[in-house]
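Structure first, then comments.
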Amino acid sequence: FLETTAYFCMKPKMGEKEVSPHSFFSIWHEFSSDFKDFWKKENKLILQERVKEAEEVCRQKKGKSLYNIRPKHDSGIVSKNCNNT
């Protein structure tokens, strides 16, 4: 614990000789909860950007047809019967 507080440059409060676990972890709790909130917001933004990119790719692929559609020719039995009447 003492090595961790020294690593983060924690200093004891006025009137205390050492950093208490309560003071260290209260600050750590605030930091971790703020970090978690920012992490969630950032992930949500990244997800929205990826969805927009995927929608754009989908729109571009719909614009380009991978196959050609030919018009239907009247060469079946029904067309021959319709022309005779």
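Only the coordinates and a few stated rules stand behind these numbers; no lab work does. From a predicted model like this one, the values you see are computed outputs, not experimental measurements. Methodologically, a virtual Cβ is constructed for each residue, glycine included, from the backbone with ideal geometry; neighbour enumeration extends over all protein chains shown.
Would you please give the FRET efficiency between Phe1 and Asp34, computed as 1/(1 + (r/R0)^6) with r the Cβ-Cβ distance and R0 = 22 Å, to the nearest 0.05? Calculated transfer efficiency: 0.50. Send over the per residue convex hull volume for the stretch 1-69, Cα only, as a whole number of Å³. Measuring per residue, one finds 117 Å³ for the Cα hull of the stretch 1-69. What pairs in Lys11/Lys44; Lys41/Lys61; Lys13/Lys36 have C-alpha atoms more than 32 Å from each other? Exceeds cut-off: Lys11/Lys44.
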